[in-house]
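Encoded as structure tokens, the structure appears first; notes follow it.
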Amino acid sequence: MHFAPDTVADLAFLVDLGNTDPGATRSGDGLPDPAALTALLDTHGYSGRFDRDDTELRHVRRARSWLRKSWSLPQTEMVDEINATLTAARALPQLVRHDGLDWHIHAISRDAPLAERITIEAAMAFSDVIRSNETDRLRVCEAEDCTGLLIDLSRNASKRFCSVRCSNRVNMIAYRSRATSS
């Protein structure tokens, strides 16, 4: 699956952000403090305004909840959610270059609060996925005990698990089940 490089980068960030949710893994909240948020942002080369405080963290957690809810919406409902989000933020898409990155789209000022920028960038990435008619590639892990998000960018659209760990665990359970029944 081919999306613009900035869309792929945004989707990768959104997967990682969504998977910090305490319900997505068995390891608790992946954003316990502003330092963890800073580390996630640094990993993905996020730029712009950062307050690095508890208020910003609380707002980002709220954006994370919006993201997880929006991720699995049926396409028409996702469109409604995206349009409402972009309208509320008075998003104005523009082509920009900064920090060594080539042309890409921003729809909100780099000085806007982090949670707002995350939400708008998510809405823009979702817009590309919808326009490509590929919303079925936004998935939730198929492991019974996991709700991790994943984006399937494979050619044959066959990715089912959020991580190798989940895949191995499910395959081991299936193997043991077959071995016991033999």
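Structure summary
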{"item": "Test result for Glu116, surrounded by fewer than 16 Cβ atoms within 10 Å (Cβ to Cβ) and either of a type in the set (Asp, Glu) or not in a helix (DSSP H, G or I) (or both)", "result": "no"}
{"item": "Boolean, Arg97 is over 16 Å from Asp128 (Cα atoms) and crowded, with 16+ Cβ neighbours inside 10 Å", "result": "no"}
{"item": "Residue count, the stretch 12-32 (criterion: touching a helix residue (DSSP H, G or I) at 6+ places or on another chain (Cβ under 7 Å) and either within 13 Å of Arg58 (Cα to Cα) or part of a loop (DSSP other than H, G, I, E, B) (or both))", "result": "5"}
{"item": "Cβ pairs under 6 Å, 6+ apart, first in the stretch 145-171 and over 23 Å from Pro22 (Cα atoms), second not acidic (Asp, Glu)", "result": "Leu153/Met1"}
{"item": "Criterion violated by Ser72 - all others in (1) under 18 Å from the mean Cα position of the chain (by Cα); (2) under 14 Å from Thr119 (Cα atoms); (3) polar (S, T, N, Q); (4) open to solvent by 30 Å² or more (accessible area, probe 1.4 Å) satisfied", "result": "(2)"}
{"item": "Count of the stretch 52-64 residues which are under 14 Å from the mean Cα position of the chain (by Cα) and without any contact (Cβ under 8 Å) to a residue 40 or more places away in the chain", "result": "1"}
{"item": "Of all residues in the stretch 1-51 being among the aromatic types (Phe, Trp, Tyr) and closer than 30 Å to Glu144 by Cβ, the one that is farthest from the chain's Cα centre (by Cα)", "result": "Phe3"}
{"item": "Residues of the stretch 127-138 classified as under 17 Å from the mean Cα position of the chain (by Cα), more than 23 Å from Arg97 (Cβ to Cβ) and in contact (Cβ under 8 Å) with a residue 24 or more places away in the chain, total", "result": "6"}
{"item": "One residue from Asp111, Asp145 being open to solvent by 70 Å² or more (accessible area, probe 1.4 Å), touching a Lys or Arg at 6+ places or on another chain (Cβ under 6 Å) and not in a helix (DSSP H, G or I)", "result": "Asp111"}
{"item": "Every residue from the stretch 1-49 that is of a type in the set (Phe, Trp, Tyr) and either open to solvent by 50 Å² or more (accessible area, probe 1.4 Å) or at pLDDT 95 or above (or both)", "result": "Phe13"}
{"item": "Any hit, the stretch 127-140, residues being modelled with pLDDT of 90 or more, more than 20 Å from His2 (Cα to Cα), surrounded by 15 or more Cβ atoms within 10 Å (Cβ to Cβ) and not β-branched (Val, Ile, Thr)", "result": "no"}
{"item": "The stretch 156-180: number of residues that are surrounded by 10 or more Cβ atoms within 10 Å (Cβ to Cβ), part of a loop (DSSP other than H, G, I, E, B) and of a type outside the set (D, E, K, R)", "result": "4"}
{"item": "Test: residue in the stretch 84-101 that is among the hydroxyl-bearing types (Ser, Thr, Tyr) and not in a loop (DSSP other than H, G, I, E, B)", "result": "yes"}
{"item": "Members of the stretch 47-63 found to be out of contact with any Asp or Glu (no Cβ under 9 Å at 6 or more places or on another chain) and either assigned to a loop (DSSP other than H, G, I, E, B) or of a type in the set (A, V, I, L, M) (or both), listed by number", "result": "Asp51, Arg52, Asp53, Val60"}
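The values are calculated or read from the model by the stated rules, or taken from the named source; none is laboratory data. All values reported here derive from a predicted model rather than from experimental measurement. In this analysis, Cβ positions are derived from the backbone assuming ideal geometry, glycine residues included, and neighbour counts consider all displayed protein chains. Only protein heavy atoms, including side chains, enter the accessible area calculation; ligands, DNA and RNA are left aside. Shrake-Rupley method; radii C 1.70, N 1.55, O 1.52, S 1.80 Å.
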